[in-house]
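Inspection log for the structure reproduced underneath, given as structure tokens.
The values are calculated or read from the model by the stated rules, or taken from the named source; none is laboratory data. Note that the structure is a prediction, hence the values are computed from the model and not measured. Don't worry about glycine lacking a Cβ; one is built from the backbone with ideal geometry, like all the others, and counts go over all protein chains shown. Surface accessibility is based on the protein's heavy atoms, side chains included, excluding ligands, DNA and RNA. Shrake-Rupley method; radii C 1.70, N 1.55, O 1.52, S 1.80 Å.
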Amino acid sequence: MGTGQELYKKAKLLIPGGTMLLSKRPEMFLPDLWPSYYSKSKGCKVWDLDGNEFIDMSMMGIGTNTLGYANDEVDAAVMETVKKGNLTTLNCPEEVYLAERLVEINPWGDMVRFARSGGEANSIAIRIARAASGKDKVAICGYHGWHDWYLSANHNQGDNLSGHLIPGLSPNGVPHNLKDTVYPFRYNHFEELLSIVENNDIGVIKMEVLRNFGPEDNFLEKVRELATRKNIVLIFDECTSGFRETFGGIYKKYGVEPDMAVFGKTISNGYALTAVVGRRSVMEAAQTTFISSTFWTERIGPTAALATLKVMERVKSWETITAIGKKMQAGWKELADAHKLSITVSGIPSLSTYSFNSDNALPYKTLIAQEMLKKGFLASTNFYACTEHTDDKFESYFNELDPIFATIAKCENGSEDVNNLLEGPVCHGGFKRLN
């Protein structure tokens, strides 16, 4: 047991759920043995509380640090803000400069509101869109946070969000009178969305532009046309996809513009800043309702975002991380083929994931985290790319992953038992109570 594992034991007694983010729970990687906490980070390296150094070939802050950890240029801008004061009675000018920059990047938009987390920003977008449309009901496709409006979909008729988030999420604590206000539809199933719109008084369509695969049969164009024809506010949630394949929203690849777009994660390289960009005709409705929070006015977030956008535009980070992600996906497939293993690779290149087509998929995932940790890697079956993932990191990563795949092949053919190789419990595959 290292310092991080011991501290996590204490955390579970003091913090319901152990951590603030489900995706960072040690149980999602390697229960009882994951380092859990870090002391410092730089580039694509992370040091735990005992000073052990790891190369992060996993989730890079859950997709936040596409320029790598502790980027010198972004951090320098932030440190200047710290010296000058982060929050006062007056507003910071950076929020105006950032709003102007985001409108330049998204020229269909006219106005911007800021928050500090993706869930907040998505809730802001929904509040404004409902106010603008004058209607309560929302059709959704994708993951849009933890707030009541979204989780209420699981009041409708069971586990409606299982295909959009993770299965088994109870809407406990969400008011039951929100039932039948949010209607999930499946990506690329336009007729499903059309039926929802025709049979309910829908005022808002909120969706991810894509997650694991792209649009087919003019899906996005059809959604846009439907929203326009029915006077429905169309929101693209780009918290995850933004600035990963274009300088801005991934919607630019498909030439379909929303009425509002939500950006987060990549926009400030690890500092807290999210943004809602929208058309004036929609965004002005924010003044007819109440949306306000003290810490949305702090200065570090906008400062970091302005610096991040400057660096991203100069180095064309979206091109780099897409190429890196494609290299990772190709490497996984090549390794699986070499060991005659069946895997499914999915996600846009810079947000790649794979799974073993086996009843032992979760034990194999656990084994990979366990064995790669011993070799100095934070690794699982996810890979979120950053510009600091250089060729030498890839070479080391695949050299160490190769014998683990060989072991998994033996487990698949029955000559090994994966459960005898695990040094702790199998990782979680979704939401579970910890104790």
Point to revise | Neighbours by Cβ (under 7 Å, 6+ apart or cross-chain): first from segment 1-22, in contact (Cβ under 8 Å) with a residue 12 or more places away in the chain; second assigned to a helix (DSSP H, G or I) and open to solvent by less than 50 Å² (accessible area, probe 1.4 Å) | key: Y8/P26; G18/Y8; G18/A11; L21/I62
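In this structure, is E319 in contact (Cβ under 8 Å) with a residue 40 or more places away in the chain and of a type in the set (D, E)?
Numbers: in contact (Cβ under 8 Å) with a residue 40 or more places away in the chain: no; of a type in the set (D, E): yes.
Spelling it out, it is not the case that E319 is in contact (Cβ under 8 Å) with a residue 40 or more places away in the chain and of a type in the set (D, E).
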Check your understanding: Out of all the residues in segment 22-30, is one or more farther than 20 Å from I300 by Cβ, open to solvent by 20 Å² or more (accessible area, probe 1.4 Å), over 23 Å from the mean Cα position of the chain (by Cα) and of a type outside the set (A, V, I, L, M, F, W, C)?
Key -> no
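Residue-by-condition table, conditions (1) on the phi > 0 side of the Ramachandran plot; (2) touching a strand residue (DSSP E or B) at 6+ places or on another chain (Cβ under 6 Å); (3) open to solvent by less than 40 Å² (accessible area, probe 1.4 Å):
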position	(1), (2), (3)
T322	no, no, yes
Q329	no, yes, yes
L335	no, no, yes
K340	yes, no, no
S350	no, no, yes
L362	no, no, no
T366	no, no, yes
Review point. Does E313 fit the bill of being among the charged types (D, E, K, R), within 25 Å of A227 (Cβ to Cβ) and part of a helix (DSSP H, G or I)?
Key: no
**Study point:** Condition broken by R244, with the remaining ones in (1) assigned to a loop (DSSP other than H, G, I, E, B); (2) closer than 19 Å to I124 by Cβ satisfied
**Key:** (2)
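Just to check your reading of the model, which residue among M312, M260 is closer than 30 Å to K222 by Cα, modelled with pLDDT of 95 or more and hydrophobic (A, V, I, L, M, F, W, C)? It would help to see each step written out before you state the result.
Numbers: M312 fails: closer than 30 Å to K222 by Cα.
Criteria check complete, one pass: M260.
Would you be able to say whether some residue in segment 47-67 is polar (S, T, N, Q) and over 25 Å from the mean Cα position of the chain (by Cα)?
Yes, the conditions are met somewhere in segment 47-67.
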Review point. Are there any strands (runs of 3 or more DSSP E) wholly within segment 14-130 with 3 or more residues that are closer than 28 Å to H428 by Cα, and if so which?
Key: 38-42, 45-48, 53-56
Review point. For segment 182-201, how many residues are within 18 Å of S123 (Cβ to Cβ) and open to solvent by less than 10 Å² (accessible area, probe 1.4 Å)?
Key: 1
Exercise for review: For residues that are in a helix (DSSP H, G or I) and either in contact with a strand residue (DSSP E or B) (Cβ under 8 Å, 6 or more places away or on another chain) or open to solvent by less than 20 Å² (accessible area, probe 1.4 Å) (or both), tally how many sit in segment 266-298.
Suggested key: 10
Review point. Checking S162 against (1) farther than 19 Å from M260 by Cα; (2) polar (S, T, N, Q); (3) part of a helix (DSSP H, G or I), which test does it fail?
Key: (3)
Study note, to complete from the structure: Within segment 68-90, residues under 24 Å from the mean Cα position of the chain (by Cα) and touching a residue at least 24 places away in the same chain (Cβ under 8 Å) come out as G68, Y69, A70, N71, E73, V74, V78
Check your understanding: What do you reckon, is H389 in contact with an Asp or Glu (Cβ under 7 Å, 6 or more places away or on another chain) and within 28 Å of R244 (Cβ to Cβ)?
Key -> no
Practice item. Being modelled with pLDDT of 95 or more and in contact with a strand residue (DSSP E or B) (Cβ under 6 Å, 6 or more places away or on another chain) is the filter; apply it to segment 204-217 and report the residue that is surrounded by the fewest Cβ atoms within 10 Å (Cβ to Cβ). Key: E208
Review point. Of the numbered conditions (1) part of a loop (DSSP other than H, G, I, E, B); (2) closer than 30 Å to S268 by Cβ, E216 satisfies every one except a single condition; which is it?
Key: (2)
Practice item. Kindly check whether there is at least one residue in segment 7-17 that is under 20 Å from the mean Cα position of the chain (by Cα), of a type outside the set (A, V, I, L, M) and open to solvent by less than 70 Å² (accessible area, probe 1.4 Å). Key: yes
Review point. In segment 383-399, what count of residues is obtained for those that are open to solvent by less than 30 Å² (accessible area, probe 1.4 Å) and either small (G, A, S) or touching a Phe, Trp or Tyr at 6+ places or on another chain (Cβ under 9 Å) (or both)?
Key: 5
Study note, to complete from the structure: Filter segment 236-255 for residues that are touching a residue at least 60 places away in the same chain (Cβ under 8 Å) and of a type in the set (D, E); the one that is nearest to S350 (Cα to Cα) is E245
